[in-house]
Amino acid sequence: MGTIQRLERLQKTFKCVWATACDDKAIDNLVDILGVGSNWPRLQWKQSVLQPGRTWKLADINDFVDNRPCAWIDDELFDDAYDWATQRQAPTLLIAADPLRGLNDTHVTRLEHWATALSL
């Protein structure tokens, strides 16, 4: 299964959001290549600051998800993100994707099982 099919599977279960450092033009190009994600909201970075060994998106992700369940897939997750995930009252799943390989079938299956377990 390719990336396009994986994203299509996930958008059946999740409210997907672009939370990338790429600018809008790059996201639009990616959407054109993938053929999926054109209707996904885009997270705007307000308070993120790049600090070595820290998850720079964390503050904005936290504000965006508020008290809702959250599954976050990223190639730059550090200890602070995992600490945040375990301290949240809402269910939270972090998926660390390899930046060279991206989202894989194991990730998608894990996300789907996690979402199914929340529905119980």
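The values are calculated or read from the model by the stated rules, or taken from the named source; none is laboratory data. Treat the numbers as computed from the prediction; the structure is a model and nothing was measured. Positions of Cβ are generated from backbone atoms using ideal geometry, with glycine treated the same way; all protein chains shown enter the neighbour counts.
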| said: I'd like to verify a number: residues in the range 16-57 that are of a type outside the set (Asp, Glu), loosely packed, with under 14 Cβ neighbours inside 10 Å and farther than 21 Å from Glu76 by Cα, how many? | reply: 6
| query | Does His113 meet the test of being touching a residue at least 40 places away in the same chain (Cβ under 8 Å) and part of a helix (DSSP H, G or I)? | reply | no
| said: Quick test of your reading of the structure: Asp63 fulfils all but one of (1) in contact (Cβ under 8 Å) with a residue 24 or more places away in the chain; (2) loosely packed, with under 15 Cβ neighbours inside 10 Å; (3) under 23 Å from Ala115 (Cα atoms). Name the failing condition by number. | reply: (1)
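I'm checking my understanding of the structure. Among residues of the range 49-91 that are β-branched (Val, Ile, Thr) and either under 11 Å from the mean Cα position of the chain (by Cα) or in a helix (DSSP H, G or I) (or both), which one is nearest to Lys15 (Cα to Cα)?
Within the range 49-91, the subset β-branched (Val, Ile, Thr) is 49, 55, 61, 65, 73, 86.
Filter once more, so that each one left must be either under 11 Å from the mean Cα position of the chain (by Cα) or in a helix (DSSP H, G or I) (or both): 61, 65, 73, 86.
On the way: Ile61: 14, Val65: 11, Ile73: 13, Thr86: 21 Å.
Here the answer is Val65.
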| message | One residue is enough: does the range 76-89 have a residue meeting the conditions at pLDDT below 95 and surrounded by 11 or more Cβ atoms within 10 Å (Cβ to Cβ)? | response | yes
